[in-house]
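Here, each number is a calculation from the coordinates, and none is a lab measurement. All of these numbers come straight from a predicted model, not from anything done at the bench. As a convention, Cβ positions derive from the backbone with ideal geometry for all residues, glycine included, and neighbour counts pool all protein chains shown.
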């Protein structure tokens, strides 16, 4: 009873898939060989891609060849090439061939990992690899599944922050928020430089934006612990319930490092849940020389970092850890009859559906497993060091050039800088470079000033690409 | 400046990827050719898979061949084969080769679709294909992006329900919940048979489980509109704020169909947000003869269905529609400086990050585009009809056999039934069949009785598989 090759089933047969699937593999390999020749930022105009597509769905099936041709003809012009070595915008979202193969296998197996029972390997490989990462990054033992904690793969740091906040909310109210709803007394804290996802989470969880305190930062854009402590005391004396602090290890805007230890001590004193968001920068802890970024992490209740940013793993792959997994599970769990099963009842297994919002989940641990095994710890360390070195070189060129200035410390792989000619000049520099298609970089505002961000972390970015970026930047500046 | 094949970079080269990637393609094709010979439900014991894995991550990289061998040796025994034609458990999560190729391309391109600007094609293809589906399923025009509405791909119906509830919450409170937090007055409604994700969403959004009214159902397990209306009136007279009703088109437990029109009229009268969750069953509307399930859908504010369940599209792919996209966007949007860009400011583009919880997002429209184009509307209709026919045949066998009884109407592709010998006998039947590895089916409780569920929707399930399931079931029953 093999899938029949009979045309009347409309299915593609395994034999056809062998042929077409291999053509896709070649397409991908070709893509990486030519990606550098494509304009990094798509030059498409709003509506251009849609205008090229047929108005309605086809009534009859079309051939694979037509579809693949359309990818080149219709889709590629609308792609911004995140995998180009000349992509320096936002944050890296670097991938690698081993990761792509992990995604292929995961798509091929097509399993659901919502319960341990729905595919034990999907759950156990995930738990195992996330425990590996606890050692690889020298994270606190409390985050390992061999203690009371554990890790789970989420889609994004946004969802990890939301889950952390929800667990914090329930711990602070003895599950009364889940039962009776929020009552407006809860307060959350983060720095004025934290990611927008914290505000989003606070709104989603029913705390209200007004009850998120954006703590001011120091000259390095890091949270001031003394200000945090004072704000907590003020809220307490006003009868409020401080429940959650989110510290950032490497802000999106400028890669600022909040002082986790000092913040953690304040949280411990007041029994406030501390979440640490290390979305991009956490990966740096693969190298012992960068582990200072996590100093004090043993005081945190939860933590996340994204291998899908800076560890050669396809999006989505955010690793979220908690020190007390029961606190998370009791917050998120709802067990209807149709999901009951012996393994769950036995208490001997992890059911990851209780660790996040969605029920269904893909087999994402495969790609992470492939990446770690292909590169080995030493390969991953090599690349983190290389990216940091390249960023430091770029920062040194900025420092030595009188036209430019650094706008923030560059502790790792992100350099924030600006031309001294002011906001309009910097905006114009950025627009000119991005529209040329030669490279792609983005901006932020620091101390109210328009600031360019150059983030180095793409898989194939090497010294010549960074040198070229600097050359292009100076050329553009000279014609300001 | 091609990625260098130099070993010291630790990267896999494009040439190596051509070789290994094609081996993965063959592995997947082989898998589908042999999946029927594997035990459907994994026979692994808790901890068995982890025990076979090395305790720590490798310091040095390993070869591709070792890794692929380990997939067979260590992972496969822990896989429950959702793609087996003998998988009848939970709900289908059917995939297809065109969809797998879409996933491959998406992984290869590795783009981020958080903003239109970060890859215009990722956003525009998604909007376009979701508009196609509005026509393909004959959904109300209000859900098309050419009106005030529009669709977006989410990971799961759980997240769609959460987003719908959040938008409802904000509409009912004029955005005061987002600003000041929930105040405990809001009330949400769904049937006692609704999916657990509704309760989860109500807790997450800060409404509190006590403020979710589980409306009683009729003899077909469908929500009673009169009871809903009475409950809303009672809540209103108690000074509460009814804000959200979730109706289900095809409950997970028994495929019950809530009467959307009657519920919608009540919601209109009281200006309550109506969300319709058609996670699995919505796909049936591809065929005109099944479109009665959506009667009254024009009264809904939001709607979702999952091509990743019953439309040959890899998980994750939930299609979420709203009739008033501004209501959703104003609920979810936070715009930090580092995400500002000219396209966003122009107002001419969609930025999907404002349509759901996560910021980052994969290029998921590719696989949906491939599936629709490969099968064409007629190919998809063919399979929906075939699955429904097979389920109806199975239901007729149950009806004709005195040992068994139907436990609920079987309107589409799910049959709920039980042996007349009682709960213990049914549990034992199910356990015996599942542990044999010959097929996999799951259970629910209806009217307090243990009930078997046989759901037909896997890509390669044909009549012989259903006949065999029935044969095995009767054989197991005869030895009770």
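Each Cα pair under 8 Å and six or more residues apart adds its sequence gap; the mean of these over the residue count of segment A:188-291 is a relative contact order of 26 percent. Averaging the sequence gap over all C-alpha pairs within less than 8 Å and six or more residues apart, then dividing by the number of residues, gives chain A a relative contact order of 22 percent.
Counting pairs of alpha carbon atoms under 8 Å apart in space and at least six apart in sequence, what relative contact order in percent does segment A:111-361 give? Write out the running numbers ahead of the final one.
Numbers: 490 pairs, mean separation 66.0, N = 251.
In percent, rounded to a whole number, it is 26.
Summarising the label geometry, the points placed 7 Å from Cα in the beta-carbon direction at residue A:27 and residue B:340 lie 3.9 nm from one another.
Across segment A:450-480, the residues whose backbone nitrogen lies under 18 Å from the label position 7 Å along the beta-carbon direction of residue A:38 are A:458-461. Summarising the label geometry, the points placed 7 Å from Cα in the beta-carbon direction at residue B:148 and residue B:216 lie 3.8 nm from one another.
Between residue B:445 and residue B:15, the FRET efficiency estimated from the beta carbon spacing at R0 = 60 angstrom works out to 0.60.
Placing a label point 7 Å from Cα along the Cα-to-Cβ axis, residue A:214 is separated from the same position in the other copies by 4.2 nm, shortest listed first.
Please report the antiparallel percentage of the DSSP beta bridges confined to segment A:195-351, to the nearest 5. Intermediate results must be reported in sequence, preceding the final value.
On the way: 6 of 14 bridges.
Beta bridges within segment A:195-351, antiparallel portion: roughly 45 percent.
Taking 0.36 nm per residue of separation and subtracting the Cα-Cα distance, full extension of the segment from residue B:227 to residue B:478 would add 86.1 nm.
Give me the inter-chain shielding for A:130-138: mean count of other chain Cβ atoms within 10 Å, whole number please. Mind showing how you got there, number by number?
Numbers: counts 0, 5, 6, 1, 0, 3, 2, 0, 0.
Per-residue shielding by partner chains comes out at 2.
Hey, what number do you get for the protein assembly as shown at 222 nm if only DSSP H runs of n ≥ 4 count, each worth -39500 (n - 2.57), divided across all residues, to the nearest 500? Result for the protein assembly as shown: -13000 deg cm²/dmol, rounded to the nearest 500.
Going 7 Å from Cα along the Cα-Cβ axis for the label, what nanometre distances separate residue A:59 from the same residue across the other copies? The projected label point of residue A:59 is separated from its counterparts by 6.7 nm.
Here is how far apart the residue A:43 label points are across copies: 6.1 nm, shortest first, using a point 7 Å from Cα toward Cβ.
Closest approach to the axis carrying A onto B, counted by Cβ on chain A and given in whole Å with its residue, is A:206, 1.
Could you compute the FRET efficiency for residue A:241 and residue A:8, with r as their C-beta to C-beta distance and R0 at 60 Å, rounded to 0.05?
Values: r = 64 Å, r/R0 = 1.07.
The value I calculate is 0.40.
Using Cα centres only, tell me the gap between segment A:320-343 and segment A:216-292 in whole Å. One Cα centre to the other: 28 Å.
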